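Working notes, structure below.
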């Protein structure tokens, strides 16, 4: 039996992992996820100016133990997961990253817009506020053909623009450093990088080296919602875990 932990992305919450968790649990494994400060059930908790460091400290507490663990990290969550793995490398059995922010080629369009709006992009004059970016997303995302993007809109509506600014600017900074890819490549554990259609041909994939990658066809930035069973099977196979019992039917919110 494996112990999985899920680390969610920018503007998301632990609910992002609900469908995947059902697929893993039916195979006899355990899954846990928590909201980071400012998101989900903790939307009223303001993050500090060092949100990733704070999240790692919290994770060190709730993952404490002597056994091996597997981590599934989506987008921004990859930064927290990899910083955690740096501190407890011997306890990491598997690290699964879903479209993480690992290289200067990453840092999604939304976080880059936030970085400009916050005045952190040298020589680029802001033309919109972070609040305006959030409003724009909440107008467009609910009409998306992708269930994952529609889900994102539900979580995003409860997030304070200041929270988006704090995490978003830090996310761009970390992505551009390239440090996360170095950590990922250096881990001595099972590793897997999952991506949707938007990352086909992406420059980050060229830097994976020996790290296995998996393209979930037809998926957006949120493949765990759109194809949870396919993702679960890939994750369990990569981690050399048992798959038992019928998977619950794929369903999208």
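What shape does region 1-110 take by its C-alpha gyration tensor, where a ≥ b ≥ c are the square roots of the eigenvalues and a/c under 1.5 counts as rounded, a/b above b/c as prolate, and the rest as oblate?
rounded
How large is log10 I(q)/I(0) at q = 0.20, 0.24, 0.25 Å⁻¹ when the Debye formula is applied to the Cα atoms of region 85-177, each weighted equally and without solvent?
Ignoring solvent entirely, the Cα scatterers give -1.04, -1.23, -1.27.
How big is the chain by Rg and Dmax over its Cα atoms, in Å?
When restricted to the Cα atoms of the chain, Rg and Dmax are 17.1, 56 Å.
Rounded to the nearest 500, what is the chain's calculated 222 nm mean residue ellipticity when only DSSP H runs of at least 4 contribute -39500 (n - 2.57) each, over all residues? Intermediate values should be presented prior to the final figure.
Numbers: 11 runs with 105 residues, N = 253.
My calculation for the chain gives -12000 deg cm²/dmol from helical runs alone.
For helix 228-238, what angle does its Cα long axis make with the longest principal axis of the chain, in degrees from 0 to 90 and rounded to 10?
That works out to roughly 60 degrees.
For a quick check: sort 58, 234 by the number of other beta carbons within 10 angstrom, fewest at the front.
The most exposed by this proxy come first: 58, 234.
Using just the C-alpha positions of region 1-51 as equal point scatterers, what log10 of I(q)/I(0) does the Debye formula give at each q in 0.12, 0.13, 0.14, 0.19 1/Å?
Computed log10 I(q)/I(0) values: -0.31, -0.35, -0.40, -0.64.
Using the 10 angstrom Cβ neighbour count as an exposure proxy, how do 177, 210 rank, fewest first?
Working: 177 12, 210 6.
So the residues, fewest neighbours to most, are 210, 177.
On a 0 to 90° scale, report how tilted helix 130-140 is relative to the longest principal axis of the chain, with both axes built from alpha carbons and the result rounded to the nearest 10.
Helix 130-140 sits at roughly 60 degrees to that axis.
Can you put 1, 181, 76 in order, fewest other beta carbons within 10 Å first?
1, 181, 76
So how tilted is helix 161-177 from the main axis of the chain? Cα-based, degrees 0 to 90, rounded to 10.
With rounding to tens, the tilt is 70 degrees.
Report the semi-axes of the equivalent ellipsoid for region 167-217 in whole Å, largest first, where each axis is √(5λ) for an eigenvalue λ of the Cα gyration tensor.
Whole-Å semi-axes of the equivalent ellipsoid: 19, 16, 10.
Just so you know, all these numbers are worked out from the coordinates, no wet-lab data involved. Bear in mind that the values here come from a model prediction, so they are computed numbers and not experimental data. Positions of Cβ are generated from backbone atoms using ideal geometry, with glycine treated the same way; all protein chains shown enter the neighbour counts.
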